[in-house]
1. Give me the percent relative contact order of region 72-127, please, defined on Cα pairs under 8 angstrom at least 6 residues apart.
2. Considering just Cα atoms, how many Å³ per residue does the convex hull of region 2-110 enclose?
3. Using the per-residue mean of other Cβ atoms lying within 10 Å as a proxy for protection, in what order, highest first, do the peptides 24-33, 349-358, 333-342 fall?
4. What is the distance in Å between the Cα centroid of region 50-64 and that of region 1-48?
5. When Lys and Arg each count +1 and Asp and Glu each count -1, what net charge do the other residues less than 9 Å away from THR20, Cβ to Cβ, add up to?
6. Are there trypsin sites (Lys or Arg not before Pro) in region 1-70 that DSSP puts in a loop and that have at most 15 other Cβ atoms within 10 Å, and which ones?
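No value in this document is a laboratory result; all are computed from the given coordinates. These numbers were taken from a predicted model, which means no experiment stands behind them. A quick note on method: Cβ atoms are made from the backbone with ideal geometry, for glycine too, and the neighbour counts reach across all protein chains shown.
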Amino acid sequence: MQDRMKHLLPNDQCVIMKRTAFFEDVHAVLTLLYQPLIGMKSVALYQMLWREHDARSSQLSHHHLMGLLNMSLDDVYEARQKLEGIGLLKTFKHDDTYRTYYYVLRRPVSAYQFFDHPTLSILLEHHVGKETHQSLQQRLAPTPQLDQSVEDVTVHFDDVFTTLKHKRQPVQETQDESLVINTELPLEWLYKMLTQQQIEPKHILTNANLSYMEKVIKIYDVDYLELEKALLWAINEDAVFDRQEFLDMCKDIYHKKHGSVPPRLYAKHEAMEETQPESTQPQEKTTATKQERLVQHFNQITHRELLEDYASSGLASMKEVDMLTQVMEEHGLTQPVMNVLVHYVLNKNAKKLNRSYIETIAAHWSREGIKTAEQAMNLAKQEHKMYQTWQQKKQQRSSAKQSPSKKSNEVIPKWFKQQKEQKQKQSQATPNEEQQSEERDEELEAFFKSFSQPKQ
């Protein structure tokens, strides 16, 4: 509030301006895409400024806006800052008898531009979830699917038009894209690093790729040393930069640092309030037990690196990595706890990762409030018999479905069964007769079973 009082008062005037026309899908984009990121109050303020501009309101006071929005001046100020931070508003100030603010409304991006923007699209997925994100993209920005056999035969501008009637226009050499790159990343260091790996830098460090990397590492708190690891991981065998691989690696780095809670947009003062100073821990003992060393190892790696340690090739299956990441985020487990879970399942389940088994244990640990690797290891030891029972029941159910009983495959006529039952009820039969009858029955039964046996 003190910060707001320095910069905004109820009697301060405002002038609303709009320089560009909006896209047709602006209402859907604001309410369905921007609102999960900046909140209802910010979107309401933007729409109110838009309406007031269309109503040709020359000059307004902030007290007037407070009444229209039913918001306090602190809320108006915070909503204005979020609009400025997300790129929907530019603010200019003029000090005179009355302080006047000029609010220039900036056009929201279209739905297609929103989902192509790395920062906006990634943050929206973390706020609303992967399924809702995909549903919104299919609804607002559908991608037309063409048959793979079609060929692009569209002609270019130079193929159709020319500016000279009699002379052919000389072909100008295109300027190297690397010479006009505008980025804050350490280009010289990245060029040197890729050259040492015998990778052509100009095909990797394009303007578009650098812009993408710069946005992603900002979201996932990746420093330059970690950027080198993520970049090399994302270059495939054809020396092509794979953006999805780079994104997945940055996610792993983030989870290793901050746990399973995905990155979201927070106002800085909210983040400062929620941040608590770390309690000072006593210095670790010089001699650590085996469990302490294992706990320390789980605290320093991701589940991708753990799977790589188990793989003889040194490469982890991306399907398993994605599955484990999804389970970890759904159940709110920290990275060290997830590492313990993966280690436990691999060792107790013949090096196999069964999703239903993993989710059962993850849900149990989530309900128990397990937050550290040491807590997870202790609980796994205590509940080991229970986890084994879960696994045995699942194996029994699956084996019962897959392998029907041998008795059901035998082909024995109904009349033979009835005859056998009648003979068993005859108590007056002599021992010799009973023995002969049983021998005949066994021969007949063996004869019928021979037809039920599968051919080799």
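1. Values: 33 pairs, mean separation 11.5, N = 56.
It rounds to 21 percent for region 72-127.
2. For region 2-110, the hull spanned by Cα atoms encloses 98 Å³ per residue.
3. Values: 24-33: 16.8, 349-358: 13.2, 333-342: 25.0.
In descending order of packing, they fall as 333-342, 24-33, 349-358.
4. Region 50-64 and region 1-48 have Cα centres spaced 13 Å from each other.
5. Values: positive: LYS18, ARG19, ARG106, ARG107; negative: none.
Counting the neighbours of THR20, the net charge comes to +4.
6. ARG19, ARG56
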